[in-house]
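Novice: Would you mind keeping the following structure in view while I ask a few things?
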Ligand code: HC1
């Protein structure tokens, strides 16, 4: 332990902390823009400067280590003046188009300017403008809005290990960008959007597809339906002031119906279907002796990561399409037939926590219905914007239910939204199909759930003991794949591209940092807990018990892995 004085108060903290952490620990709010705990501790923005007794210069508190007897002042006139000057300099080269900016009212730079009462910018001079990078369908860059905080570099390198961003050039020309100024679309970007989630301004965000949705909804020739991913119902409320992880399924369905969708369906339905197809695919592999490990395929960020960095594992990836893509393929065949609609007139919209789903729907593999399976994907954030535009009083909406049959889902489908959920859902079904008994769930909860980067468990099946593993965030996936390459044997592996799984997706609400990335609470865990609580309330908790899935097989697909199922619901990836 180390004792120091911060603003006249004696504070005792663990050794190794920075002054910034120590101050926050003691309830003293030192502002910062570039700092991201454990990810970006580089002291570049200089907003967090403080006075340290005995030191001539102001020091960046995020990189200054605590030591015994240190005396720190965080709020002196000199400190405040320095912070204001730094902010004014940043703003002097910022576009200042707040009114029309994607992050208006949720921008850290704007909030900081407000906090420091910046009402004028005394610095005028040359400004550097950079062209936008809007070539990727999933993630877009507006480099002129970049404040060079480097959080995107930190998250893309340390957490995701995709290493897309770096700092290039010097001075006014300095820019954070993919190598050689290339577009995100032309480098090994996995489109996970984690960089957008940590960007303090609108320098990185998803392309806005909301007007395409409004256009479709206003076209009398179109039949527009929507599917909603499992995790969106526990995060959308955050955009409307609900506590983190609030379950707002009923209000969300009601809002979508008010917006004019002909049907409001649930991706959880096809998550259940995924378990049926993937469960039987896994059992086939067990019989055939491999190839192992069987790798999950529902996260498009992970698939792209595998294609770029581990193509040697593509043979092991499940051929089952993601629930999102399956839904589109079935909507334009099964549902179109049922309601007697020409699939050419159908528009399938997805609400996803994920930027990579925008990329996935544009993959050439995703058109087995004879059309593009899914037409438009919007993020949780985009849906919130649409709800606001429509003037819907979200918080006070009476709750409504999903349409049937593609809105009927089990708890197993719902927990897909959290890391470990896919494996847990698969085990509930595989165990019961092979043993005739229910999976003794309490025995596995500890090892399958939670935010540990790598999780694993062993399950006894009549075919023998199987080893399962779970990784979330592609940095953890890389570690797991390296373990496998050096001889560790697993049979079934779930990989989700985003930290926490879809609850931490790149299209989820951006929380103020102290509640989000740096919060004392783990917001991903709060969202995941809500999924686990909500699934307990559902009438079915295993995918094979979902009556709508059973009916789909009876009426349309035949049986799991049937020829029709293969045609519509499976695909393959080649390096
Ligand atoms: Fe996901 Fe999935 S769980 S990938 O995280 O398998 O995006 O929520 O919709 O497709 O079901 C996302 C979430 C989502 C798919 C499902």
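Novice: Select from the stretch 58-94 the residues that are loosely packed, with under 15 Cβ neighbours inside 10 Å, in contact with a strand residue (DSSP E or B) (Cβ under 8 Å, 6 or more places away or on another chain) and free of Cβ contacts under 8 Å to residues at least 60 places away in the same chain and list them in ascending order.
Specialist: Of everything in the stretch 58-94, those that are loosely packed, with under 15 Cβ neighbours inside 10 Å, in contact with a strand residue (DSSP E or B) (Cβ under 8 Å, 6 or more places away or on another chain) and free of Cβ contacts under 8 Å to residues at least 60 places away in the same chain turn out to be 65, 76, 78.
Novice: Let me ask you something else. State all residues of the stretch 461-480 that are in contact with a strand residue (DSSP E or B) (Cβ under 8 Å, 6 or more places away or on another chain) and more than 30 Å from residue 103 (Cβ to Cβ); if no residue qualifies, say none.
Specialist: Listed by number, the residues that qualify are 465, 466, 467, 468, 469, 470, 471, 479, 480.
Novice: Can I ask one more? Is there a residue being over 18 Å from residue 331 (Cβ atoms), touching a strand residue (DSSP E or B) at 6+ places or on another chain (Cβ under 9 Å), more than 13 Å from the ligand (Cβ to nearest atom) and modelled with pLDDT of 95 or more anywhere in the stretch 387-400?
Specialist: Yes; the residues of the stretch 387-400 include at least one that is over 18 Å from residue 331 (Cβ atoms), touching a strand residue (DSSP E or B) at 6+ places or on another chain (Cβ under 9 Å), more than 13 Å from the ligand (Cβ to nearest atom) and modelled with pLDDT of 95 or more.
Novice: Which of the residues belonging to the stretch 511-544 are crowded, with 17+ Cβ neighbours inside 10 Å, closer than 20 Å to residue 351 by Cβ and modelled with pLDDT of 95 or more?
Specialist: Correct list: 527, 528, 530, 531, 534, 535.
Novice: Show the residue pairs meeting these rules: Cβ distance below 9 Å; 6+ apart or different chains; first residue within the stretch 304-329 and under 15 Å from residue 372 (Cα atoms) and in contact (Cβ under 8 Å) with a residue 60 or more places away in the chain; second residue in a helix (DSSP H, G or I) and away from the ligand (no atom under 14 Å from the Cβ).
Specialist: Final answer for the pair search is 321/568; 326/568; 329/567; 329/568.
Novice: When the residues of the stretch 153-202 are filtered to those that are on the phi > 0 side of the Ramachandran plot and free of Cβ contacts under 8 Å to residues at least 40 places away in the same chain, which remaining residue is surrounded by the most Cβ atoms within 10 Å (Cβ to Cβ)?
Specialist: 163
Novice: Please find, among 358, 345, 372, 338, the residue that is modelled with pLDDT of 95 or more, within 14 Å of the ligand (Cβ to nearest atom) and out of contact with any helix residue (DSSP H, G or I) (no Cβ under 7 Å at 6 or more places or on another chain).
Specialist: When all the criteria are applied, what remains is 358.
Novice: List the residue pairs whose Cβ atoms are under 8 Å apart, where the first residue sits in the stretch 225-236 and is under 16 Å from residue 412 (Cα atoms) and touching a residue at least 60 places away in the same chain (Cβ under 8 Å), the second is near the ligand (Cβ under 6 Å from one of its atoms) and part of a strand (DSSP E or B), and the two are 6 or more positions apart or on different chains.
Specialist: Pairs found: 229/352; 232/352.
Novice: Still on this structure, I have one more. Can you tell me which residue is nearest to residue 190 (Cα to Cα) among those in the stretch 104-144 that are touching a strand residue (DSSP E or B) at 6+ places or on another chain (Cβ under 7 Å) and at pLDDT 95 or above?
Specialist: My answer is 139.
Novice: Among (1) touching a helix residue (DSSP H, G or I) at 6+ places or on another chain (Cβ under 7 Å); (2) away from the ligand (no atom under 15 Å from the Cβ); (3) under 26 Å from residue 294 (Cα atoms), where does residue 510 come up short?
Specialist: Answer for residue 510: the failing condition is (3).
Novice: Any residue in the stretch 248-272 that is under 12 Å from residue 225 (Cβ atoms) sitting within a Cβ distance under 6 Å of a residue that is more than 9 Å from the ligand (Cβ to nearest atom) and assigned to a helix (DSSP H, G or I)? List the pairs, counting only those 6 or more apart or interchain.
Specialist: Taking only residues 6 or more apart or on different chains, the pairs are 260/217; 264/253; 264/256; 264/257.
Novice: Residues 493, 468: which one is away from the ligand (no atom under 14 Å from the Cβ) and more than 21 Å from residue 268 (Cα to Cα)?
Specialist: One residue alone meets the criteria, 468.
Novice: Would it be correct to say that residue 569 is surrounded by 20 or more Cβ atoms within 10 Å (Cβ to Cβ) and touching a residue at least 24 places away in the same chain (Cβ under 8 Å)?
Specialist: Yes.
Novice: Right, another one. Restricting attention to the stretch 250-267, does a residue exist that is within 22 Å of residue 138 (Cβ to Cβ), crowded, with 24+ Cβ neighbours inside 10 Å, more than 10 Å from the ligand (Cβ to nearest atom) and at pLDDT 95 or above?
Specialist: No, the conditions are met nowhere in the stretch 250-267.
Novice: Considering only residues that are surrounded by fewer than 22 Cβ atoms within 10 Å (Cβ to Cβ) and either touching a helix residue (DSSP H, G or I) at 6+ places or on another chain (Cβ under 8 Å) or on the phi > 0 side of the Ramachandran plot (or both), which ones fall in the stretch 43-57?
Specialist: Within the stretch 43-57, 43, 46, 51, 52, 54 qualify.
Novice: Any residue at all in the stretch 279-290 that is in contact with a strand residue (DSSP E or B) (Cβ under 9 Å, 6 or more places away or on another chain), within 15 Å of the ligand (Cβ to nearest atom) and closer than 27 Å to residue 233 by Cα?
Specialist: No, the stretch 279-290 has no match at all.
Novice: Out of the residues in the stretch 296-318 that are in a loop (DSSP other than H, G, I, E, B) and within 14 Å of the ligand (Cβ to nearest atom), which is farthest from residue 162 (Cα to Cα)?
Specialist: The extreme case among them is 318.
Novice: Are there any helices (runs of 4 or more DSSP H) wholly within the stretch 357-471 with 3 or more residues that are under 28 Å from residue 545 (Cβ atoms), and if so which?
Specialist: It comes to 411-414, 421-435, 442-448.
Novice: Next up: Go through (1) assigned to a loop (DSSP other than H, G, I, E, B); (2) over 18 Å from the mean Cα position of the chain (by Cα); (3) touching a residue at least 24 places away in the same chain (Cβ under 8 Å) one by one and return the number of the condition residue 488 breaks.
Specialist: (3)
The values are calculated or read from the model by the stated rules, or taken from the named source; none is laboratory data. This structure is a prediction, so every number in the text was calculated from the model and none was measured. Don't worry about glycine lacking a Cβ; one is built from the backbone with ideal geometry, like all the others, and counts go over all protein chains shown.
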